[in-house]
Amino acid sequence: GAVVSQHPSRVICKSGTSVKIECRSLDFQATTMFWYRQFPKQSLMLMATSNEGSKATYEQGVEKDKFLINHASLTLSTLTVTSAHPEDSSFYICSASDTGNYGYTFGSGTRLTVV
Amino acid sequence: QKEVEQDPGPLSVPEGAIVSLNCTYSNSAFQYFMWYRQYSRKGPELLMYTYSSGNKEDGRFTAQVDKSSKYISLFIRDSQPSDSATYLCAMSKMDNNDMRFGAGTRLTVKP
């Protein structure tokens, strides 16, 4: 089946620094990838839709200059949290849609802690 | 009103029990319905996928969709401790497009 690899699984960074999270579709091409944020005991909150070769579409209330998304190839999308602050600490998950399979395939998530 | 409503629980059952998880929704345009299972600190994994109304069975899992009532269910028979996880319902108007998630129900199956 479709596999999405997400790295790193866990990262701790200092306030004010930037962190890059990678999301790769390993055995399929993903023209569209999705980035979610999840707070403890809460559901997935869609942050943005990443489209290969074009600008990402951000959900209302998500700062595009803070959460930079790059989808440079059909198998890789990156989310960069710029000038991170403690309130950015969260669980970030990517997903991709494979036309050969139903539903979305999710990455394993990245737990970001900003200290 | 949220587009997708799901009781967050937590729900605790003894091993072997039948578990019923439910979601309601408000948008009649939803046609594709999914259930995801998410273990702690992991990404969700697709459990069941249903198009339109009806039932779908896969091993111990049965998904039901009642579009007239805007209500979907996931049943787990002979529940096991390994079923302990958060279950999220999800739905979309078109296949693999603009998916909306429920809040997730946290299930614990006690041995």
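All of the numbers you see were taken from the coordinates with simple rules; none came from a lab. Remember, predicted model here, so these are calculated numbers, not experimental data. Cβ: placed from backbone, ideal geometry, glycine included. Neighbour counts: every protein chain shown.
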In 5 Å bins starting at 0, how do the alpha-carbon pair distances of segment A:29-115 split up by percent? 3, 15, 25, 26, 19, 9, 3, 1, 0
Where the Cα pairs of the protein assembly as shown fall when distances are cut into 5 Å bins, in %: 1, 7, 14, 18, 19, 16, 12, 7, 4, 1, 0
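Which loop-located trypsin sites (Lys or Arg not before Pro) does segment A:9-85 contain, where loop means any DSSP state but H, G, I, E or B and the Cβ has at most 10 other Cβ atoms within 10 Å? Write out the running numbers ahead of the final one.
Working: sites: A:ARG10, A:LYS14, A:LYS20, A:ARG24, A:ARG37, A:LYS41, A:LYS55, A:LYS64, A:LYS66; in loops: A:LYS14, A:LYS41, A:LYS55, A:LYS64, A:LYS66.
Answer in residue order: A:LYS14.
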Here the cysteines of the protein assembly as shown without any disulfide-compatible Cβ partner under 4.7 Å are A:CYS13
Put +1 on the Cβ of each Lys and Arg and -1 on the Cβ of each Asp and Glu in segment B:1-78; which of B:VAL4, B:LEU74, B:PRO44 then has its Cα farthest toward the positive end of the dipole? B:PRO44
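Is the shape of segment B:32-111 rounded, prolate or oblate, going by the alpha carbon gyration tensor and its root eigenvalues a ≥ b ≥ c, with a/c under 1.5 for rounded and a/b larger than b/c for prolate? Before the final figure, lay out each step's value.
Values: a/c = 2.16, a/b = 1.41, b/c = 1.54.
Oblate shape, in that a/c is at least 1.5 and b/c is the bigger or equal ratio.
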What does the charge dipole of chain B about its Cα centre add up to, to the nearest 20 debye, if the Cβ of each Lys and Arg holds +1 and the Cβ of each Asp and Glu holds -1? 180
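Which order do the peptides A:46-52, B:51-57 take when ranked by the mean count of other beta-carbon atoms within 10 Å per residue, highest first? Don't skip to the answer; put the middle values down first.
Details: A:46-52: 19.9, B:51-57: 12.3.
Taking the mean over residues of other Cβ atoms within 10 Å, the ranking is A:46-52, B:51-57.
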